[in-house]
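S.K.: One structure, as structure tokens, below. Some questions next.
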Amino acid sequence: MLDVVVQPTGRFAPTSDTPANILVARGGSGANVAIALRATGHHVDFVGASGRDAASLVFVDALERGRVNARLQFCDAPTGTVVAFIANDGQRAMLTDRGANVRLEDAFVVEQLREPFDHVHVSGYLLLRAATRGIGENVLALARSRGIPSSVDVCSVAPLMAITPGVFLHSARYASILFANEEEACVLTDSEDAGGALEVLARNYEEVVITRGESGAIAALGAQRFTEIALSAKVLDTTGAGDAATGTYLGARLSGEEPPVALRRAMAAAAQVVGGLGALG
């Protein structure tokens with residue numbers, strides 16, 4: 001994905017010019033996680049679809065600078081683009097064109113997974129779209145059949161509500177670890193708060209992590225429960241913060257760290273992201 005992040009700095013002028021800070025850079029939830037995970041010292045391959053355009057060049061260059069190996073299926077379609085509008089409190093609304101992402105083919109992904117791997121992370125966006133849902137399901141099932149741990153993050157609440165939580169949970173049933181923000185977790189479980197959602201999700205997944213914005217994060221590993229406070233002093237833009245937390249948490253856990261340490265590092269990574277415009281990397 002290519003991100004176009006727009007932060008108005010003046011009053012909106014409907015028929016004229018509105019001053020704004022605008023950032024055009026590499027985007028994509030899966031890529032955000034990949035770069036954050038690579039920063040913890042693990043070798044990371046990113047598998048996805050891309051157009052043959054300038055946006056793809058920006059994306060590949062960013063992954064290379066982040067030392068992530070890009071394995072892309074090039075398609076005759078534009079690279080996906082997100083336009084994110086950033087409010088004064090750092091929250092954002094997104095206009096999304098998935099572009100080449102919906103052209104990703106199962107055969108291409110399976111071919112990339114023929115080589116040995118220790119963990120596979122599936123972006124929830126694969127499961128949120130009918131065109132790619134089977135690919136995500138097959139990847140998670142393949143990992144389970146090989147006895148390899150896997151993880152999935154929910155990614156976005158609006159399409160989750162559109163497909164229904166039941167469809168998503170069925171598609172993600174083979175994942176070992178589930179990541180969600182508080183709103184997504186509550187919708188998934190029809191719960192009133194993150195704590196209640198955690199208890200429901202912990203019955204279905206070996207490990208669950210729920211980020212809660214300025215309230216930090218909570219996690220479950222079996223019967224154990226963990227809480228960590230947020231570490232961000234200033235919030236400019238929340239774009240990519242949850243992905244940074246996910247990748248950092250995964251990296252710590254794959255290095256053998258216990259959940260409390262992983263959560264603390266995840267919150268530090270998220271704090272770094274929200275202090276600037278756009279996702280880092």
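None of the figures in this text is laboratory data; all of them are computed from the coordinates on show. What you see is a predicted model, and the numbers here were worked out from it, not measured in a lab. Neighbour counts run over all protein chains shown; Cβ positions are idealised from the backbone, glycine included.
S.K.: So what is the relative contact order of the chain, in percent, for Cα pairs below 8 Å that sit 6 or more residues apart? Mind showing how you got there, number by number?
M.R.: Numbers: 594 pairs, mean separation 47.4, N = 281.
Taking the mean separation of contacting Cα pairs over the length of the chain, I get 17 percent.
S.K.: Sequence-distant or interchain residues sharing an amide H contact under 5 Å with Q73, placed H: which?
M.R.: G48, A49, S50
S.K.: Rounded, prolate or oblate, given the Cα gyration tensor of the range 19-149, with a/c below 1.5 counting as rounded? List each step's numbers first, then the result.
M.R.: Details: a/c = 1.68, a/b = 1.51, b/c = 1.11.
Prolate, since a/c reaches 1.5 and a/b exceeds b/c.
S.K.: Label the range 37-97 by shape, choosing from rounded, prolate and oblate, from the square roots a ≥ b ≥ c of the eigenvalues of the Cα gyration tensor; if a/c is under 1.5 it is rounded, and otherwise prolate applies when a/b is larger than b/c, oblate when it is not. Display every interim value, and only then the final one.
M.R.: On the way: a/c = 2.62, a/b = 1.22, b/c = 2.15.
Oblate, since a/c reaches 1.5 and b/c is not below a/b.
S.K.: Next question, about the same structure. From the square roots a ≥ b ≥ c of the eigenvalues of the alpha-carbon gyration tensor of the range 89-131, which class results: rounded (a/c under 1.5), prolate (a/b over b/c), or oblate? Working shown, then result.
M.R.: Details: a/c = 3.35, a/b = 1.71, b/c = 1.96.
Note, shape of the range 89-131 comes out oblate.
S.K.: Would you mind ranking C155, C75 by Cβ crowding within 10 Å, fewest neighbours first?
M.R.: Details: C155 23, C75 20.
If I rank by nearby Cβ atoms, fewest first, I get C75, C155.
S.K.: Roughly speaking, what is the stretch gain from A107 to L231, that is 0.36 nm per residue apart minus the C-alpha to C-alpha distance, in nm to one decimal? Show your work: numbers first, answer last.
M.R.: On the way: separation 124, 0.36 × 124 = 44.64 nm, distance 4.19 nm.
Using 0.36 nm per residue and subtracting the Cα-Cα distance, I get 40.4 nm.
S.K.: Taking 0.36 nm per intervening residue step and subtracting the Cα-Cα distance, what contour gain separates S16 from A87 on full extension? Mind showing how you got there, number by number?
M.R.: On the way: separation 71, 0.36 × 71 = 25.56 nm, distance 1.95 nm.
Length gained between S16 and A87: 23.6 nm.
S.K.: Name the residue farthest towards the positive end of the dipole of the range 118-212 from the options V139, A158, A180, assuming +1 on Cβ of Lys and Arg, -1 on Cβ of Asp and Glu, about the Cα centre.
M.R.: Projecting each Cα onto the dipole axis, the largest value belongs to V139.
S.K.: Hey, if you put +1 on the Cβ of every Lys and Arg and -1 on every Asp and Glu Cβ in the range 2-274, which of Y125, G90, T211 ends up farthest toward the positive end of that dipole?
M.R.: Checked the options; the winner is Y125.
S.K.: Would you mind working out the magnitude of the charge dipole of the range 2-274 relative to its Cα centre, with +1 at each Lys and Arg C-beta and -1 at each Asp and Glu C-beta, to the nearest 20 Debye? Write down the numbers at each step before the final one.
M.R.: On the way: 23 positive and 31 negative charges, 75 e Å.
Taking the Cα centre of the range 2-274 as origin, the dipole is about 360 debye.
S.K.: While we're looking at this one, here's another question. In Å, the Kirkwood hydrodynamic radius of the range 2-274 over pairs of distinct alpha carbons?
M.R.: Values: mean 1/r = 0.0527 Å⁻¹.
One decimal place: 19.0 Å for the Kirkwood radius.
S.K.: What is the antiparallel percent of DSSP beta bridges lying wholly in the range 141-257, to the nearest 5?
M.R.: On the way: 10 of 18 bridges.
Roughly 55 percent of the DSSP beta bridges within the range 141-257 come out antiparallel.
S.K.: In nm, to one decimal, how far is the modelled label at H42 from the one at E257, with both set 7 Å along Cα→Cβ?
M.R.: According to this spin-label approximation, the distance is 1.2 nm.
S.K.: As a test, work out the antiparallel percent of DSSP beta bridges whose residues both lie in the chain, rounded to the nearest 5. Don't jump to the answer; show the numbers that get you there.
M.R.: Numbers: 23 of 47 bridges.
Around 50 percent antiparallel, to the nearest 5.
S.K.: Another question, if that's okay. Between R144 and V167, with labels modelled 7 Å along Cα→Cβ, what's the label distance in nm to one decimal, could you check?
M.R.: My value for the distance between the label points is 2.0 nm.
S.K.: Please report the net charge: other residues with Cβ closer than 15 Å to the Cβ of A172, K and R +1, D and E -1.
M.R.: Working: positive: R129, R133, R144, R173, R203; negative: E137, D153, E184, E206, E207.
Charge balance near A172 sits at 0.
S.K.: Could you please rank H42, H119, placing first whichever residue has the fewest other Cβ atoms within 10 Å of its Cβ? Mind showing how you got there, number by number?
M.R.: On the way: H42 15, H119 18.
Going from least to most buried by this count: H42, H119.
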